[in-house]
Amino acid sequence: QIAAIQHSLFAQFKQGNFHLDTVALGADQGLHAFLSGLADATGGSYYDDGHGVVPGVSALNIAPFFVDIFAQRNGRIVTHDIPPTQLSGATVSRNFSVGDFVSQLAVVAVKDSPSAAVSLTAPNGQTVSSTSAGVLYAGDPHYALFSIPNPQQGAWQLNVTGSGQFLMDSLKVSTL
């Protein structure tokens, strides 16, 4: 199947100007070269959870995939606000800024431990969680995504409780 795809479909994808992004998951390297070649041949991007911001296979290494795709599809400005940060069982809080003229804020927190819990604190001190009114939330064991319309300008805080590591990127729409 791989040979058939490489010999017939690669050319069709290129001719149709289809840019294919591929994601390699897990330590098994058997398909990684194929997926990388497919992305390269079509002008797409290749993502690998075994290579990225932290060593080894980690959900944190796939964060660029989610952020890149979300930004491309929604016209967002990406900021890599919080680099990989170690958790020690307690709550770790990190600040990030939301400036004037931001009409939409998306916060993407990626964590390598399913038990880590994520919340936000707005500049007025109000906690924003997955159940806050007006906030769209999506999550799974390895990420939490908050979409907040008309966010308050100022210093926001990401709060993560648990063990493992996390990172956070924000995607913003500006009215400028």
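Candidates 106, 24: the one that is within 30 Å of residue 134 (Cα to Cα) and of a type outside the set (S, T, N, Q) is 106.
Counting the residues of segment 80-122 that are open to solvent by 50 Å² or more (accessible area, probe 1.4 Å), within 22 Å of residue 175 (Cβ to Cβ) and not acidic (Asp, Glu) gives 2.
Can you name every residue in segment 1-20 that is within 21 Å of residue 72 (Cα to Cα) and open to solvent by 60 Å² or more (accessible area, probe 1.4 Å)? Of everything in segment 1-20, those that are within 21 Å of residue 72 (Cα to Cα) and open to solvent by 60 Å² or more (accessible area, probe 1.4 Å) turn out to be 14, 17, 18, 19. Elements of the type helices (runs of 4 or more DSSP H) sitting completely within segment 1-111 and holding at least 1 residues that are under 23 Å from residue 144 (Cβ atoms): these cover 63-74. Annotation note: Cβ proximity below 6 Å between a residue of segment 119-139 that is farther than 20 Å from residue 155 by Cα and a residue that is modelled with pLDDT of 90 or more and of a type in the set (S, T, N, Q) (sequence gap 6+ or interchain) occurs for 136/147.
Within segment 50-70, is even one residue buried (at least 17 other Cβ atoms within 10 Å of the Cβ), within 21 Å of residue 171 (Cβ to Cβ) and acidic (Asp, Glu)? No. Of all the residues in segment 69-94, those that are under 27 Å from residue 55 (Cα atoms) and in contact with a Phe, Trp or Tyr (Cβ under 7 Å, 6 or more places away or on another chain) number 4. Scanning segment 31-81 for residues that are hydroxyl-bearing (Ser, Thr, Tyr) and without any contact (Cβ under 8 Å) to a residue 24 or more places away in the chain yields one hit, 36.
The values are calculated or read from the model by the stated rules, or taken from the named source; none is laboratory data. What you are looking at is a predicted structure, and each value in this text was computed from that prediction instead of being measured. Reconstructed Cβ throughout: ideal geometry from the backbone, glycine too, with neighbour counts over all protein chains shown. Just so you know, the surface numbers come from the protein's heavy atoms only, side chains and all, with ligands and any DNA or RNA stripped out. Shrake-Rupley method; radii C 1.70, N 1.55, O 1.52, S 1.80 Å.
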